[in-house]
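Nothing in this text is a laboratory measurement; each read-out follows from the coordinates by a stated rule. Just so it is clear, the structure is predicted and the values come from calculations on it, not from any experiment. When we count neighbours, we look across all protein chains shown, and the Cβ atoms used for this are built from the backbone with ideal geometry, even at glycine.
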């Protein structure tokens, strides 16, 4: 069985889940109030606090070893969908040169830190970051000369929902045309 830790650092919480292969073993959420977060000048200044919170959850559940850690992908610029290996250059980019400051930028560094401590330095990954770009050229047209639409959104959530719908319908993700709406802190729709 492959022990997988999934990490989702968000604006007001850190969500952590453990899977053995595809089976969810446990999931928990650590929430933060505005006073806690206001103590930090930059989003990445929260890194040690969030890492400690995750390690406390792993300790609480008796986790001493993992096979893979996957962090929520941050704002790294246009990339293809799927898994992305975490390396020092990616962590540096997300920490010091992100497109926008957001807690999801910590996902790669959190996953890497967990693999260093619990995963014998095996690779860590991020998956379907916010900046996944699989848009067709026609979708980039805005009607304003020199201004193109870019692809940013909750791709991880939306692609997961689309894959689940495809599975339920007995079809492949690629053969469906779906409208997926992410209704979270802000609302977004995507053609899939």
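If you average the alpha carbon positions of the range 58-128 and of the range 34-49, how far apart do those two centres end up, in angstrom?
18 Å
Is the shape of the range 3-127 rounded, prolate or oblate, going by the alpha carbon gyration tensor and its root eigenvalues a ≥ b ≥ c, with a/c under 1.5 for rounded and a/b larger than b/c for prolate?
Oblate.
Taking a ≥ b ≥ c as the square roots of the eigenvalues of the Cα gyration tensor of the range 137-191, is the shape rounded (a/c under 1.5), prolate (a/b larger than b/c) or oblate?
oblate
Between residue 25 and residue 59, how many nm apart are label points set 7 Å from Cα along the C-beta direction?
1.8 nm
Which of 75, 100 comes first, and how do the rest follow, when ranked by fewest Cβ neighbours within 10 Å?
So the ranking, lowest neighbour count to highest, is 100, 75.
Mind sorting 53, 133, 168 by how few other Cβ atoms lie within 10 Å of their own Cβ, fewest first?
Ranking 53, 133, 168 by Cβ neighbours within 10 Å, fewest first, gives 168, 133, 53.
To make sure I understand, if each residue's beta carbon is the centre and we count other beta carbons within 10 Å, what order do 27, 3 fall in, fewest to most?
Fewest-to-most Cβ neighbours within 10 Å comes out as 27, 3.
First measure r as the distance between the Cβ atoms of residue 139 and residue 88, then evaluate 1/(1 + (r/R0)^6) with R0 = 45 Å and state the FRET efficiency to the nearest 0.05.
Result of the calculation: an efficiency of 0.85.
Rounded, prolate or oblate: which fits the range 81-176, taking a ≥ b ≥ c as square roots of the Cα gyration tensor eigenvalues, rounded meaning a/c under 1.5, else prolate when a/b beats b/c?
oblate
Using only the alpha-carbon atoms, how far is helix 47-60 inclined from the longest principal axis of the chain? Give it as 0 to 90 degrees, nearest 10.
Tilt of helix 47-60: around 60 degrees.
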